[in-house]
């Protein structure tokens with residue numbers, strides 16, 4: 001590949017990534033595509049709008065029509081070579097008459113990876129794989145976790161004071177962080193399939209757990225709301241229950257939770273998932289995550305409480321951390337912390353964000369990034 005050609009490929013792939021960022025097709029991955037003529041002129045661009053609809057490649061090639069012949073298709077993820085709700089994208093590409101296909105990254109699904117690219121090459125097309133690969137892998141990181149492990153990607157959100165507390169001595173926790181941080185949380189919610197809290201947070205704060213900005217939803221409903229509630233103590237009068245008819249609301253309960261409580265929640269529109277319990281008598285988080293993935297949850301934002309956060313960290317199941325630190329001192333004596341768990345023996349054993357990104361969010365500091373769990377020697 002010549003240098004000018006490589007630079008053009010990078011430029012076009014960035015446009016494809018911009019398209020993919022518009023996609024919200026969960027439980028499918030976000031994908032963007034660009035079609036250019038041999039001289040590099042863009043003749044079509046598209047993204048995968050919604051699961052069950054045409055994939056980005058098919059939409060872009062359909063829009064390009066005859067102008068695609070002899071040209072190049074740029075796509076952020078390897079085209080599918082298997083039939084699902086739509087016909088294989090490889091078939092569409094071969095019929096379109098493009099001569100060259102530039103792929104951002106291979107499909108991480110171990111059952112199909114490399115198959116689409118190999119078939120295109122076998123048909124005589126010039127196939128380039130790995131242009132802007134880190135950016136394209138990051139684009140599908142949440143879906144990659146889901147498709148390779150059978151569990152959702154989990155983002156853990158923590159909001160705490162400078163001294164690590166989440167509430168005052170009276171138990172008041174609204175609002176530790178400022179309005180700008182709350183706007184950021186709305187954005188985070190809109191980027192996930194589900195938003196989860198423990199029963200303690202649900203009862204103490206009575207949150208709605210919805211996305212209130214319609215622009216963030218782009219015509220979709222708010223993410224599924226999930227309450228981890230071993231004994232089904234969630235009040236019928238709570239805001240999540242009262243609005244269960246408008247926003248899907250699931251309650252993860254223990255196998256022995258009271259049946260009458262389940263019936264009362266079901267009458268309000270909630271769905272109850274009965275799950276195994278741990279030796280400590282809590283809902284088993286590992287079982288819950290597997291069940292949620294089977295229900296089509298690809299990614300989940302966990303907003304508390306301390307026990308749920310502790311279970312996720314202790315089990316190495318939190319993949320991303322989003323921390324909001326307020327310039328407040330609430331006093332540590334007897335106050336609840338953001339995470340309830342035994343914790344590491346030494347700082348070097350602690351879960352950490354290896355390459356954190358820091359931002360100023362109004363009066364608060366916001367730090368986020370993927371979580372790393374050091375292996376003990």
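Summary table
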| read-out | value |
| --- | --- |
| Relative contact order (%) - criterion: Cα under 8 Å, at least six apart; region: the chain | 15 percent |
| For segment 3-142, share of DSSP beta bridges that run antiparallel, in % to the nearest 5 | 50 percent |
| FRET efficiency for residue 11 and residue 287, using Cβ-Cβ distance with R0 set to 56 Å, rounded to 0.05 | 0.75 |
| Residue among 304, 116, 104 with the largest mean-square fluctuation in a Gaussian network model of the chain, springs linking Cα atoms under 10 Å | 116 |
| Global form of segment 3-142, assessed from the alpha-carbon gyration tensor, a/c cut-off 1.5 | rounded |
| Separation in nanometres of the label points that stand 7 Å from Cα toward Cβ, at residue 42 and residue 349 | 5.2 nm |
| Rounded FRET efficiency, nearest 0.05, which uses the C-beta distance separating residue 367 from residue 271 and R0 of 41 Å | 0.75 |
| Ranked list, fewest to most other Cβ atoms within 10 Å of each Cβ, for 74, 373 | 373, 74 |
| Gyration tensor verdict on segment 316-377 (Cα atoms; rounded if a/c is under 1.5, prolate if a/b is larger than b/c, oblate otherwise) | oblate |
| Candidates 230, 201, 221: whichever shows maximal mean-square fluctuation once the chain is modelled as a Gaussian network with Cα springs under 10 Å | 221 |
| Computed lengthening from residue 95 to residue 259, 0.36 nm per intervening residue step minus Cα-Cα distance | 53.4 nm |
| Helix-derived mean residue ellipticity, 222 nm - over the chain, DSSP H n ≥ 4, -39500 (n - 2.57), to 500 | -8500 deg cm²/dmol |
| Prolate/oblate/rounded call for segment 267-355, Cα gyration tensor, a/c under 1.5 rounded | prolate |
| Relative contact order for segment 287-377, counting Cα pairs under 8 Å that sit 6 or more residues apart, in percent | 32 percent |
| Rounded tilt (10° steps) of 179-190 against the dominant C-alpha axis of the chain | 60 degrees |
| Cα long-axis angle, helix 285-294 against the chain (0 to 90 degrees, to the nearest 10) | 40 degrees |
| Helix axis angle, 3-20 relative to the chain longest principal axis, alpha carbon, degrees | 40 degrees |
| Stretchable slack from residue 3 to residue 329, in nm (0.36 nm times residue separation minus alpha-carbon distance) | 111.8 nm |
| Hydrodynamic radius (Kirkwood) for segment 194-309, which is based on Cα pairs only, to one decimal in Å | 14.2 Å |
| Among beta bridges that DSSP assigns inside the chain, antiparallel share in %, nearest 5 | 40 percent |
| Percent of alpha-carbon pairs separated by more than 39 Å within the chain | 26 percent |
| Exposure proxy order (Cβ contacts within 10 Å, fewest to most) of 45, 277 | 277, 45 |
| Residue 169-residue 135 pseudo-label distance in nm [points 7 Å out on the Cα-to-Cβ vector] | 5.3 nm |
| Mean separation of Cα contacts under 8 Å, 6 or more apart, over the residue count of segment 3-142: relative contact order % | 21 percent |
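Only the coordinates and a few stated rules stand behind these numbers; no lab work does. Remember, predicted model here, so these are calculated numbers, not experimental data. In this analysis, Cβ positions are derived from the backbone assuming ideal geometry, glycine residues included, and neighbour counts consider all displayed protein chains.
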